[in-house]
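What follows is one structure encoded as structure tokens, with my remarks underneath.
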Amino acid sequence: MVSLRRAAGIAGLTGLLVLIGDRRPSGAQDAVTEGWPDVVRVEVKSVWTPDPRINVVFLKSLKTRRVLPVWIGPYEAEAIQMKLSGATFPSPLTHDLLKSLIEVAGAKVRYVLVDALRATGGRDSGTYFAKITLSLKGGGSTEIDSRTSDAIALSVRTGTPIYVSAGIMEGNSIADESELESELMGKEKKSQKPSEKPEKKERKAGKDYY
């Protein structure tokens, strides 16, 4: 499984280099993002992983302080959390390699935008989609479709802004991450079998979070 995942990642990185070199710049993508009325700038507030089945990154609006919870995979959650904590490794991880390849190709990550939520039945379902906007060598820019988790992991490594569609933020954000944490942990306690020990599970959740 790991080898297949790495192979898929390498194939994706190779495709990205082709896109950087071959895609034509679009003038519409050179708009001043700060002035867009339909996007909200956010920052990564925290990553919550109390259980292997629960991996959530919280994106906080810099203007309203509301928080958008985004469910992501465990590998991406770990990649984001490790960068936020300042952890380093002797060899580059996937998103570090992606950053290096973009730079070697003469491009630069300008910003990422979470712009779509599809097949949703509420905030606990559906999939967010994102775009990574690159400034190209020689001028112009281009957009690349991305999973939201990968776009965020790349953004925290390049220090570039993250934006969310205003409609998504308005319809799916919460006042604070504790609202979601209480809700999910409450469901977890209700689903426990009588033989399970809540104290042990709570300690494990705390260890996994940090």
Somewhere in the stretch 75-85, is a residue outside any helix (DSSP H, G or I) and surrounded by fewer than 19 Cβ atoms within 10 Å (Cβ to Cβ)? no
Show the residue pairs that are 6+ apart or on different chains and have beta-carbon atoms under 7 Å apart, the first residue being within the stretch 134-158 and more than 13 Å from L98 (Cβ to Cβ), the second being charged (D, E, K, R) and assigned to a helix (DSSP H, G or I). S141/D30
In the stretch 86-112, which residue that is among the charged types (D, E, K, R) and surrounded by 14 or more Cβ atoms within 10 Å (Cβ to Cβ) is modelled with the lowest pLDDT? D96
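Per-residue answers, yes or no, for (1) acidic (D, E); (2) in contact with a Cys (Cβ under 8 Å, 6 or more places away or on another chain); (3) modelled with pLDDT of 75 or more; (4) part of a strand (DSSP E or B):
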position	(1), (2), (3), (4)
T142	no, no, yes, yes
D150	yes, no, yes, no
S155	no, no, yes, no
T160	no, no, yes, no
Y163	no, no, yes, yes
E179	yes, no, yes, no
G186	no, no, no, no
Candidates K190, K201, filtered to the one that is modelled with pLDDT under 55, surrounded by 14 or more Cβ atoms within 10 Å (Cβ to Cβ) and out of contact with any Phe, Trp or Tyr (no Cβ under 8 Å at 6 or more places or on another chain): K201
Kindly establish whether S61 is among the polar types (S, T, N, Q), more than 17 Å from R157 (Cβ to Cβ), at pLDDT 90 or above and surrounded by fewer than 20 Cβ atoms within 10 Å (Cβ to Cβ). yes
Scan the stretch 51-63 and give yes if some residue there is part of a strand (DSSP E or B), closer than 15 Å to I168 by Cα and more than 11 Å from the chain's Cα centre (by Cα), otherwise no. yes
Considering only the stretch 165-177, state which residues are among the hydrophobic types (A, V, I, L, M, F, W, C), under 18 Å from the mean Cα position of the chain (by Cα) and not in a helix (DSSP H, G or I). I174
Condition check for G206: of a type in the set (G, A, S) and either modelled with pLDDT under 65 or on the phi < 0 side of the Ramachandran plot (or both): yes
Unmet requirement for T33, which otherwise passes all of (1) surrounded by 15 or more Cβ atoms within 10 Å (Cβ to Cβ); (2) within 21 Å of the chain's Cα centre (by Cα); (3) over 17 Å from V114 (Cα atoms); (4) at pLDDT below 90: (3)
Just to verify a result, which residue in the stretch 118-128, among those that are assigned to a strand (DSSP E or B) and closer than 19 Å to I54 by Cα, is modelled with the lowest pLDDT? T127
Residues of the stretch 86-108 being of a type in the set (A, V, I, L, M, F, W, C) and part of a helix (DSSP H, G or I), which ones? L97, L98, L101, I102, V104
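The values are calculated or read from the model by the stated rules, or taken from the named source; none is laboratory data. Given the structure is predicted, the values throughout are model-derived calculations rather than measurements. Positions of Cβ are backbone-derived with ideal geometry, glycine not excepted, and every protein chain shown enters the neighbour counts.
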